[in-house]
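One structure below.
Laboratory data are not the source of any read-out in this text; all were calculated from the coordinates shown. Quick caveat: nothing in here was measured; it's all calculated off a predicted structure. So basically every Cβ, Gly included, is an ideal-geometry build from the backbone, and we count neighbours across all protein chains shown.
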Amino acid sequence: MVKNLVLAFVLISTFSCSTVRDSGNNSDTTAGSAKRSGVGTMPKNVVFFISDGCGSASFGLARDYQKAVSGATNLFLDSMEVGSVITFSANNKITDSAASATAYSCGIKTYNGAIGVDINRTSVETVLEAAEKAGYNTGLVSTTRITHATPAAFSSHVPSRAMEAEIATQQVGKGIEILMGGGRSFYLPKEKGGLRQDGRDILEEAKQAGYSLIQTTAELNNATRLPILALFTNDHMSYEIDRVPEKEPSLKEMTEKALSLLSKSDKPFFIMIEAGRIDHAGHANDVAAHLHDVLAYDEAMKAAVDFAKSNGQTLVMGTSDHETGGLSLGAQWGRRFSYEYYPANLGKINSSIEMFIRNLNGIKSGSNAAVTEWILNETGSRFGFSSEDFQTNVRKMVQYREVAGDSAAFTHLRIMLEDSTARAAWIGWASSNHTAVDVPLFAFGPGSEMFNGKMDNTEVGKAIFRALGLKKSE
Ligand SMILES: [Mg+2]
Ligand SMILES: [Zn+2]
């Protein structure tokens with residue numbers, strides 16, 4: 001495996017990309033060239049963003065919040081919206097991330113849970129693999145575990161998204177220049193604090209094969225050469241609202257570093273960058289965590305477009321794999337007939353509910369009085385909740401602990417926080433899972449005309465192949 005990896009690098013470094021490109025415009029490096037960004041020109045590089053679980057309402061919430069707190073009129077990505085995407089999978093009107101990411105990476109409909117395989121469980125070459133073979137530098141960035149469904153669907157072939165140890169093994173074996181995000185756990189064996197049962201240390205194997213290993217923001221800042229394997233956390237990276245900058249870089253910082261390293265080489269590149277935790281906050285019905293991950297996504301897209309503007313040969317496009325949560329902007333809390341929606345009220349919140357509950361687990365062995373005091377202090381400072389009603393509910397919930405036990409009581413508290421944060425903004429959640437609504441499509445730069453209007457997710461995948469000048473194997 002390691003030998004194959006080394007061989008792959010040798011092959012890539014000796015392969016001339018001009019033999020597989022039909023656009024022949026790589027010599028034009030004029031910054032912001034009007035010719036290159038005009039209709040009909042082909043990009044040299046493609047940056048593909050995926051905002052996992054992010055629908056139109058999520059972008060609307062972020063826009064309205066930003067307007068209310070900073071006076072900005074729009075999100076950056078509003079200027080790039082070119083259409084929308086239909087997301088159903090081969091076996092369900094509601095897709096999961098595995099099937100929809102496989103639609104983008106392979107241009108095919110497949111079943112929920114499938115990673116880089118068709119409905120018969122047969123492997124299908126992904127756009128990243130085709131790009132590697134054609135001499136491109138390639139990269140994957142995600143705020144989730146790098147072995148999670150979305151990045152996995154570009155870099156591996158397994159019948160089930162749950163096979164993350166196998167996904168990790170496949171990811172480092174194919175010459176990808178940048179692997180960045182969370183998820184050391186499936187790269188490390190149990191003996192070293194990971195979750196692998198086979199005893200293999202894939203981090204060490206990657207190092208032997210030439211990867212620089214990176215684990216902190218400072219190490220990322222110091223990185224100067226490819227390939228890099230940068231995994232900042234064992235599990236998913238933090239929600240943006242909880243992120244500690246010294247430990248974990250922002251999505252924007254990861255994007256800027258990746259593009260800076262890739263642009264040092266003359267080779268064309270393809271990179272997929274995922275804002276993966278927008279989805280998790282949707283599942284958790286945690287509106288503040290959801291909001292701040294969407295804003296972080298907008299900043300990362302802006303950074304990529306700033307790069308594309310000065311580079312002049314880069315297509316930046318983005319979409320979501322599906323919506324999550326059935327978010328609505330405006331909700332009927334109570335039966336009043338009125339239009340109520342106050343996104344600015346989310347400005348008081350500085351923690352995810354997940355982080356709050358995790359910290360609570362540390363003190364839950366305390367007396368009811370101590371737990372009550374902790375919850376009231378924390379919900380006051382982290383969520384801005386201090387009303388008499390809220391305090392009465394917390395006291396009732398802590399008493400409920402005596403009859404129902406910690407687990408039931410704290411589930412009750414979590415639901416109370418989900419409801420209270422939603423009520424604060426007067427937003428609604430219809431689901432704690434994915435929905436079938438269409439998702440927005442964004443594009444900027446040469447080749448952006450290929451992404452236009454209402455598209456199926458498989459059509460988006462096929463268009464990425466075309467934008468890169470790559471043939472899709474049928
Ligand atoms: Mg994902
Ligand atoms: Zn999801």
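For the pair region 432-446 / region 373-408, the C-alpha centres are spaced 37 Å from each other. Its Cα gyration tensor gives the chain an equivalent ellipsoid, and the semi-axes of that ellipsoid, as √(5λ) in whole Å with the largest first, are 39, 26, 20.
Restricting the trypsin sites (Lys or Arg not before Pro) of region 179-283 to loop positions (DSSP other than H, G, I, E, B) with no more than 12 neighbouring Cβ atoms within 10 Å leaves ARG225, LYS264. Per-residue 3J(HN,Hα) values for region 216-229, derived from phi via the Karplus relation 6.51 cos²θ - 1.76 cosθ + 1.60 with θ = phi - 60°, read 9, 4, 5, 5, 5, 4, 7, 5, 10, 9, 9, x, 10, 10 Hz in sequence order (x marks Gly and Pro). Checking every one of the chymotrypsin sites (Phe, Trp or Tyr not before Pro) in region 401-474 against DSSP loop status and a limit of 13 other Cβ atoms within 10 Å picks out no site at all. Taking the DSSP beta bridges with both ends in the chain, the antiparallel portion is around 30 percent.
Would you kindly calculate the translational diffusion coefficient of region 215-309, applying Stokes-Einstein with the Kirkwood radius from alpha carbon pairs, for 37 °C and a viscosity of 0.692 mPa s, and quote it in µm² s⁻¹ without decimals?
For these conditions, the coefficient is 231 µm²/s.
Pairs from the table (LYS190/LYS302; LYS93/LYS471; LYS192/LYS247; LYS190/LYS247; LYS267/LYS472; LYS67/LYS472) lying more than 31 angstrom apart at Cα are LYS190/LYS302; LYS67/LYS472. Relative to the longest principal axis of the Cα atoms of the chain, the long axis of helix 2-14 makes an angle of roughly 60 degrees. For LYS309, the aspartates and glutamates whose Cα falls under 18 Å of its own Cα, not counting residues fewer than eight places away in the same chain, are ASP28, ASP78, GLU81, GLU253, GLU256, ASP266, ASP298, GLU299, GLU449. If a/c stays under 1.5 just call it rounded; otherwise compare a/b with b/c (prolate if a/b is bigger, oblate if not). Do that for region 194-252, with a ≥ b ≥ c from the square roots of the Cα gyration tensor eigenvalues. Verdict is oblate for region 194-252.
Pick out, in residue order, every one of the trypsin sites (Lys or Arg not before Pro) in region 115-173 that is DSSP loop and has at most 14 other C-beta atoms within 10 Å; say none if there are none. Intermediate values should be presented prior to the final figure.
On the way: sites: ARG121, LYS133, ARG145, ARG161; in loops: ARG121, ARG161.
Sparse-neighbourhood loop trypsin sites (Lys or Arg not before Pro): ARG121.
Each Cα pair under 8 Å and six or more residues apart adds its sequence gap; the mean of these over the residue count of the chain is a relative contact order of 28 percent. Relative to the longest principal axis of the Cα atoms of the chain, the long axis of helix 368-383 makes an angle of roughly 50 degrees.
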